[in-house]
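First the structure, in the form of structure tokens, and then the observations on it.
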Amino acid sequence: MRRMACTPRPNWEKKVEERGLTWHSGQQPYWNESAFYEFTAKEVEVLEAATNELEKMTLRAAQHVIDNKLYARMGIPEIAIPLIESSWEAEPPALYGRFDLAYDGVHPPKLLEYNADTPTSLLEAAVVQWYWLEELFPKRDQFNSLHERLIALWKELTPYLPGSRVDFCSMDDREDGMTVTYLQDTAQQAGLATSIFPIDEVGWNGEAFVGPDDAPLGAIFKLYPWEWMVREAFGQHIGKDGTVWIEPPWKMLLSNKGILPVLWELYPRHPYLLEASFLGPGLMMSWVKKPLLGREGANITLHQPGKDVETPGGYGAEGFIYQDCAPLQSFDGKYPVIGSWIIGHEEGNAAGGMGIREADTPITTNTSQFVPHLFD
């Protein structure tokens, strides 16, 4: 694994916009092709195997939480428990997730967290970096079958989607909107009828959930956290009609940072895990304090002997977990985090590709840059 300097393509802004990446620049470029990460085929095999193994482990952890009623430890409200348990038993359609991994090409990948409910940076990983590779390094390869896997999964899920239709919604936000627009495109390529609208246009008519045209919603993909959904005015009605929600409510178990200490209890000293606890840092010399329901690196405390680094934010009311500090390797002064994607939940074959975001500090935030990758 190496970080390589690279000359950005002429008019790269226009080229990534043509692929749908409209949110590519802010105070600094979000999409950064002045560098790329180079892997060996063996390193990619290691990441793929780790992702498939972590997928199996996290599903077992979800079952453990349900069997042992660990909801309070994870800050999950009582209103959500019936939704979690019924959706877990019914096995409704589930689409994707992203494991965030620390990896240096030498030591085993370590799980930092799992966004199983509302992961973004999908378009960048599935499409934008692929076209970068095709233009600059057409004879090289990339760990990336995301686009094809998504279309194939939508086709597989079609019998479970009423009327062969799925509607898409998110907050009126450029990054979230870009993600659901891309997912809508993959669903349309799979032959599904679709529409897209803001989440605040979802309503309850007394009998069913409806969209902006007041027509009942059969299946809806929502890029909106379940912990927020259940607290909305319409949250009390979820589960009362036949609406298929993607992602399903049980995903809130895995996107909760509380799944990290549960995993450590089930798999102590596993090579893909970092020690984690609900109670405190214990004997950990360096540790990270994370809110159970935090997002985008907010409200993180990184403790190292003699030094604390904190990020601001509005999370933490539900509680925190403590996780051993990952041995993040610096590459040219940058700290990369591997976003390793799973498509569906087919045991042993869920891993579908990766994207890399890097930061100037060991804490990845919403300003961290996306950098493409390749391998031989």
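Just checking, does region 278-285 include any residue being outside any loop (DSSP other than H, G, I, E, B) and surrounded by 14 or more Cβ atoms within 10 Å (Cβ to Cβ)?
Scanning region 278-285, I find no residue that is outside any loop (DSSP other than H, G, I, E, B) and surrounded by 14 or more Cβ atoms within 10 Å (Cβ to Cβ), so the answer is no.
Which residues, counting only those in region 235-246, are part of a helix (DSSP H, G or I) and either out of contact with any Phe, Trp or Tyr (no Cβ under 8 Å at 6 or more places or on another chain) or farther than 20 Å from ALA90 by Cβ (or both)?
Taking region 235-246 as the starting set, the residues that turn out to be part of a helix (DSSP H, G or I) are 235-237.
If the condition is that a residue be part of a helix (DSSP H, G or I) and either out of contact with any Phe, Trp or Tyr (no Cβ under 8 Å at 6 or more places or on another chain) or farther than 20 Å from ALA90 by Cβ (or both), then GLY235, GLN236 are the ones that fit.
If I filter region 284-293 for residues that are of a type in the set (Lys, Arg) and modelled with pLDDT under 90, do I get at least one hit?
No - not one qualifying residue is present in region 284-293.
Inside region 177-191, can you point out the residues that are within 17 Å of the chain's Cα centre (by Cα) and more than 15 Å from ILE246 (Cβ to Cβ)?
GLY177, MET178, THR181
Please find, within region 223-234, the residue that is modelled with the highest pLDDT out of those that are farther than 21 Å from ASP185 by Cβ and not in a loop (DSSP other than H, G, I, E, B).
From region 223-234, those farther than 21 Å from ASP185 by Cβ are 225-234; that's our starting set.
Keeping just the survivors that are not in a loop (DSSP other than H, G, I, E, B) gives 226-229, 233-234.
Working: TRP226: 95, GLU227: 91, TRP228: 91, MET229: 92, ALA233: 84, PHE234: 83.
Here the residue is TRP226.
Output the residue which, of all residues in region 147-171 that are farther than 19 Å from GLY353 by Cβ and in contact with a helix residue (DSSP H, G or I) (Cβ under 8 Å, 6 or more places away or on another chain), is surrounded by the most Cβ atoms within 10 Å (Cβ to Cβ).
Filtering first and then ranking leaves VAL166.
Inside region 53-79, can you point out the residues that are surrounded by fewer than 17 Cβ atoms within 10 Å (Cβ to Cβ), assigned to a helix (DSSP H, G or I), touching a residue at least 60 places away in the same chain (Cβ under 8 Å) and of a type outside the set (A, V, I, L, M)?
LYS56, ARG60, HIS64
Please state which of the following conditions GLY353 fails to meet, knowing it meets all the rest: (1) surrounded by 15 or more Cβ atoms within 10 Å (Cβ to Cβ); (2) touching a helix residue (DSSP H, G or I) at 6+ places or on another chain (Cβ under 8 Å); (3) on the phi < 0 side of the Ramachandran plot; (4) not charged (D, E, K, R).
With respect to (1) surrounded by 15 or more Cβ atoms within 10 Å (Cβ to Cβ); (2) touching a helix residue (DSSP H, G or I) at 6+ places or on another chain (Cβ under 8 Å); (3) on the phi < 0 side of the Ramachandran plot; (4) not charged (D, E, K, R), GLY353 is out only on (3).
Does THR181 qualify as being over 30 Å from PRO82 (Cβ atoms), among the hydroxyl-bearing types (Ser, Thr, Tyr) and surrounded by 14 or more Cβ atoms within 10 Å (Cβ to Cβ)?
So THR181 passes the test.
Could you check region 17-45 and list, in sequence order, the residues that are surrounded by 17 or more Cβ atoms within 10 Å (Cβ to Cβ), outside any loop (DSSP other than H, G, I, E, B) and either under 21 Å from the mean Cα position of the chain (by Cα) or among the hydrophobic types (A, V, I, L, M, F, W, C) (or both)?
TRP31, ALA35, PHE36, TYR37, PHE39, VAL44
For the subset of region 211-257 comprising residues that are polar (S, T, N, Q) and more than 22 Å from the chain's Cα centre (by Cα), which member is surrounded by the fewest Cβ atoms within 10 Å (Cβ to Cβ)?
GLN236
May I ask you to list the residues in region 258-269 that are part of a loop (DSSP other than H, G, I, E, B) and buried (at least 17 other Cβ atoms within 10 Å of the Cβ)?
Taking region 258-269 first, the residues part of a loop (DSSP other than H, G, I, E, B) are 258, 267-269.
Selection gives GLY258 alone.
In region 195-222, what residues are farther than 14 Å from VAL244 by Cβ, in contact with a strand residue (DSSP E or B) (Cβ under 6 Å, 6 or more places away or on another chain) and part of a strand (DSSP E or B)?
Result: SER195, ILE196, PHE197, GLY203, VAL210.
The values are calculated or read from the model by the stated rules, or taken from the named source; none is laboratory data. A quick note: this is a predicted structure, and the numbers were derived from the prediction, not measured. In this analysis, Cβ positions are derived from the backbone assuming ideal geometry, glycine residues included, and neighbour counts consider all displayed protein chains.
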